[in-house]
1. For a quick check: sort L78, L52 by the number of other beta carbons within 10 angstrom, fewest at the front.
2. Add +1 for every Lys or Arg and -1 for every Asp or Glu among the other residues with Cβ under 15 Å from the Cβ of V5, and state the total.
3. Run the helix sum for the chain: -39,500 (n - 2.57) per DSSP H stretch of 4+ residues, divided by residue count, reported at 222 nm to the nearest 500 deg cm²/dmol.
4. Using R₀ = 35 Å, calculate the FRET efficiency as 1/(1 + (r/R₀)^6) where r is the Cβ-Cβ separation of Q242 and L172; round to 0.05.
5. Just check region 332-393 against the gyration tensor rule for me: Cα atoms, a ≥ b ≥ c as the square roots of the eigenvalues, rounded for a/c under 1.5, and otherwise prolate or oblate depending on whether a/b exceeds b/c.
6. For the pair F371 and E114, what calculated FRET efficiency results from E = 1/(1 + (r/R0)^6), where r is the Cβ-Cβ distance and R0 = 25 Å, to the nearest 0.05?
7. If neighbour count is taken as other Cβ atoms inside 10 Å, put E235, E192 in order from fewest to most.
8. Compute the relative contact order of the chain as a whole-number percentage, counting only Cα pairs closer than 8 Å that sit 6 or more residues apart in sequence.
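Values in this text are rule-based calculations from the coordinates and carry no lab data. Keep in mind that what you see is a predicted model, and the values were worked out from it rather than measured. So basically every Cβ, Gly included, is an ideal-geometry build from the backbone, and we count neighbours across all protein chains shown.
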Amino acid sequence: MGQLVSQAGDSITHMAVIWLMLDLTGSPSLTGFIAFAATVPALIFGLFAGVLADHYRRRNLMLISDIARFFLILLIPLLYIFNVLTPAWLAMIIFVAASFGTLFNPARDAIIPEIVNHQQLLKVNALLQSTGYMAYFVGLFGAGLLLNAMGVVNLFFLDAGTFMVSFIMIFLISYKRPDHREINFESRHLTELKKGLRYVTKEDSRLFWIILITALNNLFIMGPAVVGTPLLIKEVWDGSGQDFAYIQSSYGIGMLIATVFVFRLADKYKKGTWLMLGLIYDGITFIPLFWVGRLDFDPFWLTLTIIFIHSLGIPFIQVTRTTLIHSIVPGKMQGRVFSMINLAVIGVMSISVALTGIAAEYISPRIIFLFIGIGASLSGILGISMKRIRTAD
């Protein structure tokens, strides 16, 4: 329930902050910069967040993350009301909020095996992901409906409130942790981080390749997905923030539908195979955006349809990858491994969005989508060509 409300708010913020910066500056590179500020904390703090998730109560880390983001997101509309919100202030607030956000995902992912029977992991992960996808749709579709009435800045009041709801829901979780890990003099954070890195590089190299291929895929995909899409909407048909919100909301519907198939199919085949096929599909389905505005179709509906088709592959990546890590990684290491996955997704996204913003100053977003689609699909082909990854389960 906490995730349903909180991620709905997150989806509003991710859309609103990109469009707000685009409205304030009109600059593709500065729009890329605000997306960079929202994602670079995962690159800086992500691995240490995983160490914390393996040594402190995971529920408490989630609570700290939510309450901090409640106050920080609330600052954005308040500063705007007093006419002191600048692009620099906006970037700074988003950076600090995202820094606290790095605590949440590793703690959430690592707490699941502590409260769920092992045989139910795939189903529970599918349920959790589908809740997130529903939240994504509800948040963005709702933002599209409310945008004209409220204005983009006032949407941040809604997002701040969702973090408080999430805080309350997580506070109500009651469970007995299987074992209590204490930090002592010999068990410093840096030492524990090195243990986690050694585990994925020496003890189970499958994890190293999964993390590396995930990073390659997201280097290609995430920048254009986050920054390229609003630029495409602006450039091709001078679309609005409302258009952006509706198009992005189609992700939620597609991912929710696809989760049903993951729920039914993923246990029948190796999870490593599903993961790599998902990455290939992830890249190929972005390529058609190259033809938006070139064909005799309404660009809004063509973009929305392509994004919807693209979104159908995402659960095969996210659900199978999370369950695969739950299956092959010891509980004491899961916080660190999930933080590395988060680094490969969100941290690498920071590089991707910055590069996309710079590239979009000189290259059409349509051309960017063509090249990144090819590159992202090649990363999945690399993975599926490796037997150890293909047979991982």
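1. Ascending number of Cβ neighbours within 10 Å: L78, L52.
2. In short, -1.
3. Values: 18 runs with 303 residues, N = 393.
Computed mean residue ellipticity for the chain: -26000 deg cm²/dmol.
4. 0.50
5. oblate
6. On the way: r = 43 Å, r/R0 = 1.70.
The pair E114/F371 has a calculated efficiency of 0.05.
7. E235, E192
8. It rounds to 31 percent for the chain.
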